[in-house]
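A.B. asks: Sharing a structure with you now.
The values are calculated or read from the model by the stated rules, or taken from the named source; none is laboratory data. Since the structure is predicted, the reported quantities are computational estimates derived from the model, not experimental observations. Heads up, the Cβs are rebuilt from the backbone with ideal geometry, glycines too, and the neighbour counts pull from every protein chain shown.
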């Protein structure tokens, strides 16, 4: 059956820049071979919802209308990939904002949930570019649609991993209500606080569930005798 907006799929993919360099992959062997492997990364395929912006626009469009098991390769221009560079994302700041007042070209900066790179230092001013390193570039994705997810448990687990990086959430579905046990470690995680409402809405919009309940519990630690 042809995929349509709202379908949940497990997708394996590898993204390459114009020179062939891999910048993202769900394949652990490729990640290690291309020196982009991270021990904290999730490999084996991402769960995404077609048409919900879980991947770049050009790849999302490519997947719609395909079927489970389909694989292919698509080259995507910057407008449907990571966009064009924006002047407003290039900022000039005082070097006093850096530790010990030292700013160096190539330094990675985290600010307000964004990541930027120092591109220029002149006197006591530093220029930081918060554009994606891939802004303005065409990219190529090879992909395989591994499966279409059918059960509510599969869909919730998949999106939970996508949004939090935590696999195998404790999910219990009873009729049209789903209970999701939230691991203590992510209760106050900023990424989770921003994404839990979005996760719930996407599940409710695309399943027969009528209620999502997030369960957070704190257990008393046993004291050693």
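A.B. asks: Kindly provide the set of residues from the stretch 50-80 that are in a strand (DSSP E or B) and touching a helix residue (DSSP H, G or I) at 6+ places or on another chain (Cβ under 6 Å), ordered by number.
C.D. replies: Within the stretch 50-80, 74, 76 meet the criteria.
A.B. asks: Whether any residue in the stretch 11-27 is touching a residue at least 12 places away in the same chain (Cβ under 8 Å), assigned to a loop (DSSP other than H, G, I, E, B), outside the structural domain of residue 117 (by TED's automatic domain parsing) and within 22 Å of residue 153 (Cβ to Cβ) is what I want to check.
C.D. replies: Checked against the condition, which is being touching a residue at least 12 places away in the same chain (Cβ under 8 Å), assigned to a loop (DSSP other than H, G, I, E, B), outside the structural domain of residue 117 (by TED's automatic domain parsing) and within 22 Å of residue 153 (Cβ to Cβ), the stretch 11-27 yields at least one hit.
A.B. asks: Can you say whether residue 144 is exposed (fewer than 15 other Cβ atoms within 10 Å of the Cβ) and either touching a strand residue (DSSP E or B) at 6+ places or on another chain (Cβ under 9 Å) or not assigned by TED's automatic domain parsing to the domain that holds residue 206 (or both), as far as the supplied structure shows?
C.D. replies: No, not satisfied.
A.B. asks: Test of understanding: among 148, 166, which residue is closer than 30 Å to residue 62 by Cβ and modelled with pLDDT of 95 or more?
C.D. replies: 148
A.B. asks: With the condition being crowded, with 16+ Cβ neighbours inside 10 Å, I'd like the strands (runs of 3 or more DSSP E) fully within the stretch 152-225 carrying at least 3 qualifying residues.
C.D. replies: Here the list reads 177-182.
A.B. asks: Residue 132: without any contact (Cβ under 8 Å) to a residue 60 or more places away in the chain and within 29 Å of residue 76 (Cα to Cα), yes or no?
C.D. replies: Yes; evaluated as a whole, the condition is true for this residue.
A.B. asks: Within the stretch 71-83, take every residue that is surrounded by 15 or more Cβ atoms within 10 Å (Cβ to Cβ) and in contact (Cβ under 8 Å) with a residue 40 or more places away in the chain and give me the one that is nearest to residue 13 (Cα to Cα).
C.D. replies: 74
A.B. asks: Here are the criteria: (1) closer than 23 Å to residue 130 by Cα; (2) modelled with pLDDT of 95 or more; (3) in contact with a strand residue (DSSP E or B) (Cβ under 8 Å, 6 or more places away or on another chain). Tell me which single one residue 92 does not satisfy.
C.D. replies: (2)
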